[in-house]
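Notes to accompany the following structure.
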Amino acid sequence: MNWHTRFFRHVWMSPFILRSRFPQVTLDAIEVSVNASEKLHRGQLRFAIEAELSTAQLWHGITSRQRALDVFSLLGVWDTEENNGVLIYVLLADRKVEIVADRGIHRHVGDERWKAICREIELHYRKKDFASGSIAGIAKISAELEHYFPANGTQKNEQSDRPVVL
């Protein structure tokens, strides 16, 4: 995508569009899904949605991946006891989903699997199925966490389950 196309996608994106794709009922369903998934493993999931980047961020060429890394740090997803935090980041204007995982889980799962989960979520989103796509992605990540960090009866909730709208 060229710079001009990307710029106009971000200019035309709005909080109203974000709310139409992620209404309160969808945000609530994401929270319930994250909470339920964390009963199956010791990992920590965060979900963040951003409508668009600022003109300054676009001018500096910030990619959805770079922004996801910033949000991972901003939300402190890296700050878990077992280094097993995972962020699902959605940048609506770019139509991109990024997964950033802390080193404890990433070393087991790897880039290719995370990318495959992102593409699956994006397929749902292209069909305007934002709730099901989000919940399917959470389930896929939860399965990875359950495999490598199974529940042992002592898991604690170190991160908020509530999706963050930036």
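Taking residues in the stretch 1-30 that are touching a residue at least 40 places away in the same chain (Cβ under 8 Å) and of a type in the set (S, T, N, Q), and partners anywhere that are crowded, with 16+ Cβ neighbours inside 10 Å and in a helix (DSSP H, G or I), the pairs with Cβ atoms closer than 8 Å and at least 6 places apart or on different chains are THR26/PHE130; THR26/ALA131; THR26/SER134.
Candidates are the residues of the stretch 3-56 that are small (Gly, Ala, Ser) and out of contact with any strand residue (DSSP E or B) (no Cβ under 7 Å at 6 or more places or on another chain); the one that is surrounded by the fewest Cβ atoms within 10 Å (Cβ to Cβ) is ALA56. Every residue in the stretch 128-145 that is more than 13 Å from the chain's Cα centre (by Cα), surrounded by fewer than 18 Cβ atoms within 10 Å (Cβ to Cβ) and touching a residue at least 12 places away in the same chain (Cβ under 8 Å), please. The one that is more than 13 Å from the chain's Cα centre (by Cα), surrounded by fewer than 18 Cβ atoms within 10 Å (Cβ to Cβ) and touching a residue at least 12 places away in the same chain (Cβ under 8 Å): LYS128. For VAL86, the stated conditions do not hold, so it cannot be described as touching a strand residue (DSSP E or B) at 6+ places or on another chain (Cβ under 8 Å) and under 19 Å from ILE17 (Cα atoms).
Going residue by residue through the stretch 87-103, is there one that turns out to be on the phi > 0 side of the Ramachandran plot, of a type outside the set (D, E, K, R) and in contact (Cβ under 8 Å) with a residue 24 or more places away in the chain? Outline the logic, then answer.
Narrowing the stretch 87-103 to residues on the phi > 0 side of the Ramachandran plot: 95.
Remaining after also requiring of a type outside the set (D, E, K, R): none.
No: zero hits.
Look at the stretch 33-62: where a residue is over 19 Å from VAL97 (Cα atoms) and in contact (Cβ under 8 Å) with a residue 24 or more places away in the chain and a partner is assigned to a strand (DSSP E or B) and aliphatic (A, V, I, L, M), sitting 6+ places away or on another chain with Cβ atoms under 8 Å, you get SER37/LEU45; GLU38/LEU45; GLY43/VAL86. Quick one: would you say PHE72 is out of contact with any Gly (no Cβ under 9 Å at 6 or more places or on another chain), touching a residue at least 24 places away in the same chain (Cβ under 8 Å) and surrounded by 15 or more Cβ atoms within 10 Å (Cβ to Cβ)? Considered against the rule, which asks whether it is out of contact with any Gly (no Cβ under 9 Å at 6 or more places or on another chain), touching a residue at least 24 places away in the same chain (Cβ under 8 Å) and surrounded by 15 or more Cβ atoms within 10 Å (Cβ to Cβ), PHE72 comes out as no.
The set of residues from the stretch 137-156 being part of a loop (DSSP other than H, G, I, E, B) and either modelled with pLDDT of 95 or more or hydrophobic (A, V, I, L, M, F, W, C) (or both) comprises PHE149, ALA151. For TYR125, the criteria (1) in a helix (DSSP H, G or I); (2) free of Cβ contacts under 8 Å to residues at least 12 places away in the same chain hold in every case but one, which is (2).
The values are calculated or read from the model by the stated rules, or taken from the named source; none is laboratory data. This is a predicted model, so every value here is computed, not measured. So basically every Cβ, Gly included, is an ideal-geometry build from the backbone, and we count neighbours across all protein chains shown.
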